[in-house]
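Comments concern the structure below.
The values are calculated or read from the model by the stated rules, or taken from the named source; none is laboratory data. Here the structure is a predicted model, which means the values were calculated and not measured. No Cβ is skipped: glycine too gets one built from the backbone with ideal geometry, and neighbour counts run over all protein chains shown. In case anyone asks, the SASA skips ligands and DNA or RNA and just uses the protein heavy atoms, side chains included. Shrake-Rupley method; radii C 1.70, N 1.55, O 1.52, S 1.80 Å.
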Amino acid sequence: MRILILGGDGFCGWPTALYLSQQGHEVAILDNLSRRAWDDELGISSLTPIATLEQRVAAWQHVSEKRIALFIGDLTDFEIVRAAFEQFAPDAIVHFGEQRSAPYSMIDRQHAVFTQVNNVVGTLNVLYAMRDHAPQAHLIKLGTMGEYGTPNIAIEEGYITIEHEGRSDTLPFPKQPGSIYHLSKVHDSHNIFFACRIWGLRATDLNQGVVYNIGVEQTERDPALVNRFDYDEVFGTALNRFCAEAAAGHALTVYGAGGQTRGFIDIRDTVRCIELAALRPAEPGEMRVLNQFTEQFSVLDLAERVQSAARKLGLETTIAHLENPRVEQERHFYEAKHTKLLDLGLQPHLLNEATITGLLELAVRYRERIDLTRILPTVTWK
Ligand SMILES: NC(=O)c1ccc[n+]([C@@H]2O[C@H](COP(=O)([O-])OP(=O)(O)OC[C@H]3O[C@@H](n4cnc5c(N)ncnc54)[C@H](O)[C@@H]3O)[C@@H](O)[C@H]2O)c1
């Protein structure tokens with residue numbers, strides 16, 4: 001297949017590009033390198049030193065003899081999107097190319113507006129490019145489990161059948177996102193649903209859980225292929241952040257009680273889920289929704305697991321319950337369905353001590369790159 005990866009320079013996009021290239025697909029990346037610019041804006045950087053995108057692609061060609069085409073440009077510029085679609089003629093589009101940090105979107109009005117424009121306009125441009133230049137192609141769009149929020153009923157995979165006043169219908173599951181970023185993904189989902197219903201496009205909306213771990217076998221084949229690893233308060237996701245904190249001798253920063261429960265997924269399963277969705281596309285007119293996570297944990301569960309694995313490596317850490325900068329329930333019911341990707345053939349990598357130990361060892365190796373001043377939360381929701 002010809003697979004266009006939007007946001008292919010990012011944490012999920014880069015390993016996905018390499019993995020799909022390795023499987024024999026023709027892969028192109030479109031990215032405007034904005035993630036690297038946001039690092040510069042905030043004065044943060046990946047724990048792992050990452051090569052430029054051009055160096056990455058050259059290194060991949062060197063080790064694999066496979067070529068990845070590059071389109072450097074912004075999804076909010078329709079001419080860029082149109083040109084990429086015309087030149088590459090994708091069979092599938094994997095869309096990771098968004099501003100994905102909840103805290104970044106909550107910094108102030110400008111960052112909130114930027115996040116929604118970047119994400120919603122970028123996705124709208126992709127939908128119009130599909131309608132006009134690739135109507136048979138399959139959009140595989142990264143949504144997030146955070147779109148659903150934490151309702152007091154089980155979360156279905158995208159749709160719920162409701163009985164109301166003697167009638168019944170299957171409708172999109174209600175969404176109660178907890179940040180401006182998560183809201184942008186809900187807006188995307190509505191726009192994609194519209195494009196499928198009205199124009200007959202085919203799409204899979206992958207409501208992904210929090211991703212942990214560092215990369216896939218392909219990202220280990222050369223130092224220039226190494227994936228990014230974020231540990232700071234704005235872009236660092238829970239488990240990865242805890243591992244960096246433990247390695248640096250910093251307390252593990254649990255927000256509030258730590259009972260916040262979420263779905264999690266290993267990056268090795270992320271790339272496989274994308275492949276499974278691509279190989280079994282949605283039907284024309286269908287917006288298929290899959291909940292892309294493999295296990296659920298509370299934040300405190302994760303901190304305790306990291307603390308225990310760290311102790312075995314001789315790293316003594318404490319768990320600090322910080323005042324929660326977010327507005328969210330800290331103890332709540334959480335049960336989210338996630339069987340459809342298993343039905344497609346996913347064999348999950350479940351979180352075990354070996355994975356956490358590997359991440360701790362990685363963080364120890366790059367310990368001198370950890371900036372301890374960028375860990376405590378400064379962005380608040382109110
Ligand atoms: N990382 C997670 O834990 C997680 C969890 C759930 C969902 N997701 C979703 O997966 C996707 C990828 O996440 P990630 O962690 O890889 O993020 P990331 O920030 O590492 O990568 C996103 C990439 O998109 C690019 N990009 C952003 N806006 C763009 C634009 N307007 N034009 C072109 N390129 C643009 C960035 O430069 C970056 O390379 C996001 O949509 C995110 O919402 C991620």
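Overview of results
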read-out	value
Criterion (in contact with a strand residue (DSSP E or B) (Cβ under 7 Å, 6 or more places away or on another chain) and either at pLDDT below 95 or not charged (D, E, K, R) (or both)) met by exactly one of Phe114, Phe78, Phe71	Phe71
Segments classed as helices (runs of 4 or more DSSP H), wholly inside the range 294-382, with at least 2 members that are among the polar types (S, T, N, Q) and more than 19 Å from Thr253 (Cβ to Cβ)	353-365
Wholly within the range 165-225, strands (runs of 3 or more DSSP E) carrying at least 2 residues that are aliphatic (A, V, I, L, M)	202-208, 210-212
First in the range 185-205 and in contact (Cβ under 8 Å) with a residue 40 or more places away in the chain, second anywhere and open to solvent by 50 Å² or more (accessible area, probe 1.4 Å) and among the acidic types (Asp, Glu), Cβ under 7 Å, 6 or more apart	Cys196/Glu286; Arg202/Glu283; Arg202/Glu286
Given (1) within 25 Å of Leu30 (Cβ to Cβ); (2) away from the ligand (no atom under 16 Å from the Cβ), number of the condition Gln176 does not satisfy	(1)
Residue count for the range 173-204, restricted to those that are within 16 Å of the chain's Cα centre (by Cα), under 14 Å from Val289 (Cα atoms) and of a type outside the set (S, T, N, Q)	3
Residues satisfying the stated conditions in the range 230-261, i.e. of a type in the set (Phe, Trp, Tyr) and open to solvent by 20 Å² or more (accessible area, probe 1.4 Å)	Tyr255
Verdict on Ala89 being free of Cβ contacts under 8 Å to residues at least 60 places away in the same chain and in contact with a strand residue (DSSP E or B) (Cβ under 8 Å, 6 or more places away or on another chain)	no
Residue ID - nearest to the ligand (Cβ to nearest atom), chosen from residues in the range 1-10 that are buried (at least 24 other Cβ atoms within 10 Å of the Cβ) and of a type in the set (A, V, I, L, M, F, W, C)	Leu6
Single condition Glu26 does not satisfy, out of (1) in contact with a Phe, Trp or Tyr (Cβ under 9 Å, 6 or more places away or on another chain); (2) within 10 Å of the ligand (Cβ to nearest atom)	(2)
Residues being in a loop (DSSP other than H, G, I, E, B), polar (S, T, N, Q) and under 22 Å from Arg272 (Cα atoms) - total across the range 226-261	2
Residue match in the range 285-301 (condition: surrounded by fewer than 23 Cβ atoms within 10 Å (Cβ to Cβ) and within 30 Å of Gln55 (Cβ to Cβ))	no
Failed item in (1) closer than 21 Å to Leu341 by Cα; (2) in contact (Cβ under 8 Å) with a residue 60 or more places away in the chain, with Ile160 passing the rest	(2)
Test set (1) within 14 Å of Gln218 (Cα to Cα); (2) open to solvent by 10 Å² or more (accessible area, probe 1.4 Å); (3) aromatic (Phe, Trp, Tyr) - Trp14 fails condition number	(2)
Arg2 being more than 19 Å from Glu275 (Cβ to Cβ) and touching a residue at least 60 places away in the same chain (Cβ under 8 Å)	no
Restricting the range 48-101 to residues that are more than 10 Å from the ligand (Cβ to nearest atom) and hydroxyl-bearing (Ser, Thr, Tyr), the residue that is nearest to the chain's Cα centre (by Cα)	Thr48
Unmet requirement for Ile140, which otherwise passes all of (1) open to solvent by less than 50 Å² (accessible area, probe 1.4 Å); (2) free of Cβ contacts under 8 Å to residues at least 60 places away in the same chain; (3) among the aliphatic types (A, V, I, L, M)	(2)
Qualifying position, being charged (D, E, K, R), open to solvent by 10 Å² or more (accessible area, probe 1.4 Å) and within 14 Å of the ligand (Cβ to nearest atom), among Arg272, Arg268, Arg202	Arg268
Residue count, the range 121-157 (criterion: under 28 Å from Gln296 (Cα atoms), within 20 Å of the chain's Cα centre (by Cα) and either β-branched (Val, Ile, Thr) or more than 16 Å from the ligand (Cβ to nearest atom) (or both))	5
Enumeration of residues in the range 29-47 that are within 10 Å of the ligand (Cβ to nearest atom) and of a type in the set (Asp, Glu)	Asp31, Asp39
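For every residue, the table says whether it meets (1) open to solvent by less than 60 Å² (accessible area, probe 1.4 Å); (2) without any contact (Cβ under 8 Å) to a residue 40 or more places away in the chain.
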| site | (1), (2) |
| --- | --- |
| Pro325 | yes, no |
| Glu328 | yes, no |
| Ala336 | yes, no |
| Asn352 | no, yes |
| Ile356 | yes, no |
| Arg367 | no, no |
| Ile370 | yes, no |
